[in-house]
1. Can you give me the number of residues within region 274-288 that are part of a helix (DSSP H, G or I), surrounded by 22 or more Cβ atoms within 10 Å (Cβ to Cβ) and in contact with a strand residue (DSSP E or B) (Cβ under 9 Å, 6 or more places away or on another chain)?
2. Yes or no: residue 293 more than 13 Å from the chain's Cα centre (by Cα) and surrounded by 24 or more Cβ atoms within 10 Å (Cβ to Cβ)?
3. Need the failing condition index for residue 246 against (1) closer than 30 Å to residue 74 by Cβ; (2) not in a helix (DSSP H, G or I), just the number.
4. May I ask you to list the residues in region 436-459 that are part of a loop (DSSP other than H, G, I, E, B) and in contact (Cβ under 8 Å) with a residue 12 or more places away in the chain?
5. Would you be able to say whether some residue in region 326-339 is more than 22 Å from residue 60 (Cβ to Cβ), surrounded by fewer than 24 Cβ atoms within 10 Å (Cβ to Cβ) and in contact with a strand residue (DSSP E or B) (Cβ under 9 Å, 6 or more places away or on another chain)?
6. Only one of 52, 114 is without any contact (Cβ under 8 Å) to a residue 24 or more places away in the chain and in contact with a strand residue (DSSP E or B) (Cβ under 6 Å, 6 or more places away or on another chain); which?
7. Would you check which residues across region 324-376 are free of Cβ contacts under 8 Å to residues at least 40 places away in the same chain and either farther than 25 Å from residue 299 by Cβ or not in a helix (DSSP H, G or I) (or both) and list them?
8. Looking only at region 390-431, count how many residues are closer than 16 Å to residue 77 by Cα and either part of a helix (DSSP H, G or I) or in contact (Cβ under 8 Å) with a residue 40 or more places away in the chain (or both).
């Protein structure tokens, strides 16, 4: 019989072909279920369903994790199951879930802040210069280079123009650019990447001003292209989340506080529903939110750990560098390599691991691998797991739905797990369409098609059934105005006294100080 000292930490990867001896149930429990550190229960061992499969939370989050599997294997339910288990043990967490297909809006009940394209406020001035260039310039490299040089000048002057108008209590519309041009070009504490508000109308005004200069009269095409691009984005309702509140920009603290749950106020997870956001903009939005998370965690000195969950990660962190997505690849790669030091964790979710940027997946120390039928995907996962566990991957094509292999730092040994059932009301909107049911009768009524065509034309979702199906707290969040940071701090319930060995929680005033240090620092 195998004898194991529970106090001795070990890691063994036995070859499947070498497992010949019978291991007792007691030994299984010691290996897979007896943990002294905080854990989540994800299911039962396939070998013995009386033994709980536990995963260590800190090891999983501090060194990143991945959930991969072919479509239809229960991957979305696994994501919801794992996150629910984490938040049950950590009700004051800070989790941001990127949701490209509106799958998770009901998966966390009233514990989630659901932010849709209609309620998202991510102003252009919060983008850094690389992200702004990626959004506003042409796809043709030579043209983009010319437009980037123009933006370099006009965005900096637009920021200084707004700062000048705020300090002098006037409006930028009342200022004649000829009178203040020298002042705007003078060096100040404001740099190109400073998170200082500016108005897009001032950018257009400055572009017109630059076009009127004699030295630029021989090459006006870059200015005209840039102006047309900006005007087309402003007119597109899908980009409204970038250009909201231009007259009076919302304070940085409100936007950051809502996305990253500062304070938590009973909602430790925010779900960014990107289903109504243009696919070509998804890259930039993910980049902005990820960079803000990294900067917030960095300047809070690890007092605000953040988990970023990247659903459909292969869409915006692709293996093929020719597909673009440079800004997202840059920040996600940095978080994968350096995030552990600052308290930013990644959860990578993908059905095509072979299409993911390789170094990102290789940084995930814990992998939940569901059924993978594609041989290329299997080889890619095999390269990311420990050598001793590689032979276990022969089971991947035969795994059932809601069954997974778990490898890595957060478990003592690789294990094959039958996942816990997720209650029906918390399951993601990821089930397949029922062709036979929908084709048994004609569902294309005039009223329904009118709604479809209206949404198609306006590029906005107007699904009343989906809205009414939301949790009551989520419907109130859409109907009621968003509270300011100060109001949420005042309304937040007092936290229980932490354990003596626990890290101190951040108070409302500390949150303000951390935000100021992170985003209002001098460059």
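1. Of the residues in that region, 2 qualify.
2. Numbers: more than 13 Å from the chain's Cα centre (by Cα): no; surrounded by 24 or more Cβ atoms within 10 Å (Cβ to Cβ): yes.
For residue 293, the condition - more than 13 Å from the chain's Cα centre (by Cα) and surrounded by 24 or more Cβ atoms within 10 Å (Cβ to Cβ) - is not met.
3. (1)
4. Taking region 436-459 first, the residues part of a loop (DSSP other than H, G, I, E, B) are 440-445, 459.
Across region 436-459, the qualifying residue is only 459.
5. Here is the first cut: in region 326-339, the residues more than 22 Å from residue 60 (Cβ to Cβ) are 326-330.
Then drop every residue that is not surrounded by fewer than 24 Cβ atoms within 10 Å (Cβ to Cβ), which leaves 326, 329-330.
Subset that is in contact with a strand residue (DSSP E or B) (Cβ under 9 Å, 6 or more places away or on another chain): 329.
Yes: one or more hits.
6. Numbers: 114 fails: without any contact (Cβ under 8 Å) to a residue 24 or more places away in the chain.
Matching residue, one of 52, 114: 52.
7. Those that are free of Cβ contacts under 8 Å to residues at least 40 places away in the same chain and either farther than 25 Å from residue 299 by Cβ or not in a helix (DSSP H, G or I) (or both): 352, 354, 358, 359, 362, 375, 376.
8. Within region 390-431, the first condition is being closer than 16 Å to residue 77 by Cα, and the residues that meet it are 399-406, 417-431.
Among the residues that remain, those that are also either part of a helix (DSSP H, G or I) or in contact (Cβ under 8 Å) with a residue 40 or more places away in the chain (or both) are: 399, 401-404, 406, 417-420, 422, 424-430.
Count: 18.
The values are calculated or read from the model by the stated rules, or taken from the named source; none is laboratory data. All figures in this text were calculated on a predicted structure; none of them were measured in a lab. Cβ coordinates were reconstructed from backbone atoms using ideal geometry, including for glycine residues, and neighbour counts include every protein chain displayed.
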